[in-house]
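Visitor: Quick one: the structure is below, questions incoming.
The values are calculated or read from the model by the stated rules, or taken from the named source; none is laboratory data. Nothing here was measured: the structure is a model prediction, and the numbers come from that model. Cβ placement follows ideal geometry from the backbone for every residue including glycine, while neighbour counts extend to all protein chains displayed.
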Amino acid sequence: MKLRIPFLLLFISIIGFAQSITIDTAQIITPNRFNSQEGKSKPYVIMISTDGFRYDYAEKYNAQNLLKLSNSGIRAKAMIPGYPSITFPNHWSLITGLYPSHHGLVDNFFYDYKIGKGYAMNKKENAEDGSWYGGTPLWTLAEKQGIVSASLQWVGSASDAGGKRPTYYYPYHEKFKPEEKVNKVINWLKLPEDQRPHFIAMYFPEVDGAGHHFGPDSEETKNAVQIIDKAIGNLVKKVNDLGLKNVNFVFVSDHGMIKVDGGNPLEIPAVLFNKDRFDFYNSQTLVRVHVKNSDEVKSVFKELKANKTADNKVYLDKKLPKYLHFATRDDRYSRIGEILLIPKAPKVFLEKNQTTSVGKHGYDPKLVPEMKATFYAWGPEFKNNVVVDEFSNVNVYPLVAKILDLKLENEIDGKLKVLKQTLKK
């Protein structure tokens, strides 16, 4: 089973999640959910993701609000996305504290051979089916411990992953403009105390879309950064006007962006087109190969490695570098594949008659710094004027859980000690 990514999805990593059917923009509310008496006194956390907001974009494009807010709070030199550095895996890592190989979303598109089904981020029946998603998302952790939560289109929040959806959520679509999303968050915070969410996750796709279409150095990407920066500034002002106590903001992104060499692509090795022997899954910055006859894995690997070029590497999955957490030893759901073909940035793998976008992501962030993401945080719980070193995005989860005083219910990859220094207490 070989997956061909639809043309439009090559331009915007998340756009494909919007359905071609009539879009219902209505909010979904889970009835009979209320903050516990203790929950009412907890801090608030608004966790904001701006897709594709590279670690240097705020300075590069003079995002004045974000620079001012982060300089008054916490600012990371960069945040390291999980591998592969793409949208769905990393949003789920941020919200569960697990590496992609541990929570099961190993790609935006993949196949699970144990259950005989494929996952595609642009299929509603997949995206809203919690059985695909491992781990306990923050909104579920909060709801189970008496804290009402809400999500504005964060990956997986329309599913029942972890056993409980947020009390308030919107299925994914792209009808809402940034300012509309800001107003919806404010409306949540205006609810009566027992109904008001103390954990809110929200998502902006605009910067990623511009980066894909026009590249990270384009005027369009600059404009998208400025639009989101304005929205964040307005959000903070409107929240402050509400007079609520202890509202904290965590601003993150899932990955960065680089301009790719689409005019001189790498070819998929011809042998892999034998459907009787192989399935391959090409995200252009990574080709994952499933060898149907396990006895052939080593011989095929040798053949592919013998024919590799200086612009790509071939790995047996079990030999992938440990720091990527994407090898056989990490693959809890057996969804990755046995052989990986990894292009050297800015090269991409293209099939015949296939095109690519101007900007892409998915590369190893250790080798390609343009893949690095953003982390800023500010509010009463955070120290002031602190810059922290680079860290893995799985460490955001225990930080937010600590602020909300949530007890972790399962083992995660993130460690509170990594970011505990950012908190006042």
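Visitor: Being closer than 14 Å to Tyr172 by Cα and of a type in the set (D, E, K, R) is the filter here, so list the residues in the stretch 118-146 that pass it.
Guide: Lys123, Lys124, Glu125, Glu128, Asp129
Visitor: For the stretch 372-380, check the following and say yes or no: at least one residue is crowded, with 23+ Cβ neighbours inside 10 Å, polar (S, T, N, Q) and in the same structural domain as Gly73 (by TED's automatic domain parsing).
Guide: yes
Visitor: Could you tell me which residue of the stretch 355-371 is surrounded by the most Cβ atoms within 10 Å (Cβ to Cβ), considering only residues that are within 19 Å of Asn108 (Cβ to Cβ) and among the hydrophobic types (A, V, I, L, M, F, W, C)?
Guide: Met371
Visitor: Among the residues of the stretch 231-263, which ones are farther than 30 Å from Glu351 by Cα and either under 22 Å from the mean Cα position of the chain (by Cα) or surrounded by 22 or more Cβ atoms within 10 Å (Cβ to Cβ) (or both)? Explain how you work it out, then say what you get.
Guide: Applying the first criterion (farther than 30 Å from Glu351 by Cα) to the stretch 231-263 yields 231-252.
Within the stretch 231-263, Ala231, Ile232, Leu235, Asn248, Phe249, Val250, Phe251, Val252 qualify.
Visitor: Counting only residues that are assigned to a loop (DSSP other than H, G, I, E, B) and small (Gly, Ala, Ser), which one in the stretch 127-140 is surrounded by the most Cβ atoms within 10 Å (Cβ to Cβ)?
Guide: First, pick out the residues of the stretch 127-140 that are assigned to a loop (DSSP other than H, G, I, E, B): 128-129, 133-137.
In the following step, the residues that additionally are small (Gly, Ala, Ser) were identified as 134-135.
Numbers: Gly134: 20, Gly135: 25.
Going through the qualifying residues, I end up with Gly135.
Visitor: Pairs needed: first member in the stretch 304-333, more than 18 Å from Pro81 (Cβ to Cβ) and at pLDDT 95 or above; second member anywhere, part of a strand (DSSP E or B) and of a type in the set (Phe, Trp, Tyr); C-beta distance under 8 Å; at least 6 residues apart or different chains.
Guide: The qualifying pairs are Asn312/Phe349.
Visitor: Given the stretch 151-250, what helices (runs of 4 or more DSSP H) lie entirely inside it while holding 1 or more residues that are farther than 25 Å from Ile86 by Cα and small (Gly, Ala, Ser)?
Guide: Values: elements: 178-189, 206-214, 219-242.
Here the list reads 219-242.
Visitor: For the list (1) among the small types (Gly, Ala, Ser); (2) surrounded by 14 or more Cβ atoms within 10 Å (Cβ to Cβ); (3) outside the structural domain of Gln354 (by TED's automatic domain parsing), I need the number of the one condition that Ser283 fails.
Guide: (3)
Visitor: For the stretch 30-64, how many residues are over 22 Å from Ser392 (Cα atoms) and either exposed (fewer than 15 other Cβ atoms within 10 Å of the Cβ) or of a type in the set (Phe, Trp, Tyr) (or both)? Steps first, please.
Guide: If we filter the stretch 30-64 for residues that are over 22 Å from Ser392 (Cα atoms), which is where we start, we get 30-44, 60-64.
Now drop any that are not either exposed (fewer than 15 other Cβ atoms within 10 Å of the Cβ) or of a type in the set (Phe, Trp, Tyr) (or both), which leaves 30-32, 34, 36-38, 41, 44, 60-62, 64.
Looking only at that region, the number is 13.
Visitor: Now for a separate question. Can you list residue pairs whose Cβ atoms sit under 9 Å apart, with the first residue in the stretch 211-222 being buried (at least 18 other Cβ atoms within 10 Å of the Cβ) and the second being part of a helix (DSSP H, G or I) and polar (S, T, N, Q)? Count only pairs 6 or more apart in sequence or on different chains.
Guide: Hits for this filter: Gly211/Thr221; Phe214/Thr221; Gly215/Thr221.
Visitor: Which one is surrounded by the most Cβ atoms within 10 Å (Cβ to Cβ) among residues in the stretch 65-86 that are out of contact with any helix residue (DSSP H, G or I) (no Cβ under 8 Å at 6 or more places or on another chain) and either over 16 Å from Lys372 (Cβ atoms) or without any contact (Cβ under 8 Å) to a residue 60 or more places away in the chain (or both)? It would help to see each step written out before you state the result.
Guide: At the first step, the residues of the stretch 65-86 found to be out of contact with any helix residue (DSSP H, G or I) (no Cβ under 8 Å at 6 or more places or on another chain) are 68, 71-73, 75-77, 86.
Next, from what is left, pick out any that are either over 16 Å from Lys372 (Cβ atoms) or without any contact (Cβ under 8 Å) to a residue 60 or more places away in the chain (or both): 68, 71-73.
On the way: Lys68: 14, Asn71: 16, Ser72: 15, Gly73: 23.
If we take residues in the stretch 65-86 being out of contact with any helix residue (DSSP H, G or I) (no Cβ under 8 Å at 6 or more places or on another chain) and either over 16 Å from Lys372 (Cβ atoms) or without any contact (Cβ under 8 Å) to a residue 60 or more places away in the chain (or both), then Gly73 is surrounded by the most Cβ atoms within 10 Å (Cβ to Cβ).
Visitor: If I filter the stretch 264-278 for residues that are among the basic types (Lys, Arg), touching a residue at least 24 places away in the same chain (Cβ under 8 Å) and either outside the structural domain of Thr355 (by TED's automatic domain parsing) or surrounded by fewer than 19 Cβ atoms within 10 Å (Cβ to Cβ) (or both), do I get at least one hit? Walk me through how you get there before you give the answer.
Guide: Initial filter on the stretch 264-278 (among the basic types (Lys, Arg)): 275, 277.
Now drop any that are not touching a residue at least 24 places away in the same chain (Cβ under 8 Å), which leaves 275.
Narrowing further to those that are either outside the structural domain of Thr355 (by TED's automatic domain parsing) or surrounded by fewer than 19 Cβ atoms within 10 Å (Cβ to Cβ) (or both): 275.
Checking the stretch 264-278: at least one residue is among the basic types (Lys, Arg), touching a residue at least 24 places away in the same chain (Cβ under 8 Å) and either outside the structural domain of Thr355 (by TED's automatic domain parsing) or surrounded by fewer than 19 Cβ atoms within 10 Å (Cβ to Cβ) (or both).
Visitor: Does the stretch 167-189 include one or more residues that are buried (at least 19 other Cβ atoms within 10 Å of the Cβ), within 19 Å of Glu38 (Cβ to Cβ), outside the structural domain of Ser334 (by TED's automatic domain parsing) and among the aromatic types (Phe, Trp, Tyr)?
Guide: So far as the stretch 167-189 goes, no, none of its residues is buried (at least 19 other Cβ atoms within 10 Å of the Cβ), within 19 Å of Glu38 (Cβ to Cβ), outside the structural domain of Ser334 (by TED's automatic domain parsing) and among the aromatic types (Phe, Trp, Tyr).
Visitor: Can you tell me which residues in the stretch 108-131 are touching a residue at least 24 places away in the same chain (Cβ under 8 Å) and within 11 Å of Arg335 (Cα to Cα)?
Guide: Passing the criteria: Phe109, Phe110, Tyr111, Asp112, Tyr113, Lys114, Gly118.
Visitor: May I pose another question? Check the stretch 351-360 and report whether any residue there is within 23 Å of Ser49 (Cβ to Cβ) and out of contact with any Gly (no Cβ under 8 Å at 6 or more places or on another chain). Don't jump to the end; show me each part of the working.
Guide: Within the stretch 351-360, the subset within 23 Å of Ser49 (Cβ to Cβ) is 357-360.
Filter once more, keeping what is out of contact with any Gly (no Cβ under 8 Å at 6 or more places or on another chain): 360.
Scanning the stretch 351-360 turns up at least one residue that is within 23 Å of Ser49 (Cβ to Cβ) and out of contact with any Gly (no Cβ under 8 Å at 6 or more places or on another chain).
Visitor: Further question on the same structure: Inspect the stretch 108-116 for any residue being touching a helix residue (DSSP H, G or I) at 6+ places or on another chain (Cβ under 6 Å), in the same structural domain as Gly156 (by TED's automatic domain parsing) and closer than 23 Å to Lys366 by Cα and give the result as yes or no.
Guide: Of the residues in the stretch 108-116, the ones touching a helix residue (DSSP H, G or I) at 6+ places or on another chain (Cβ under 6 Å) are 108.
Going one step further and asking which of them are in the same structural domain as Gly156 (by TED's automatic domain parsing), we end up with 108.
Next, from what is left, pick out any that are closer than 23 Å to Lys366 by Cα: 108.
Yes; the residues of the stretch 108-116 include at least one that is touching a helix residue (DSSP H, G or I) at 6+ places or on another chain (Cβ under 6 Å), in the same structural domain as Gly156 (by TED's automatic domain parsing) and closer than 23 Å to Lys366 by Cα.
Visitor: Give the number of residues within the stretch 141-155 that are without any contact (Cβ under 8 Å) to a residue 60 or more places away in the chain and buried (at least 24 other Cβ atoms within 10 Å of the Cβ). Working first, answer last.
Guide: Within the stretch 141-155, the first condition is being without any contact (Cβ under 8 Å) to a residue 60 or more places away in the chain, and the residues that meet it are 149-153.
Next, from what is left, pick out any that are buried (at least 24 other Cβ atoms within 10 Å of the Cβ): 149-152.
Of the residues in the stretch 141-155, 4 are without any contact (Cβ under 8 Å) to a residue 60 or more places away in the chain and buried (at least 24 other Cβ atoms within 10 Å of the Cβ).
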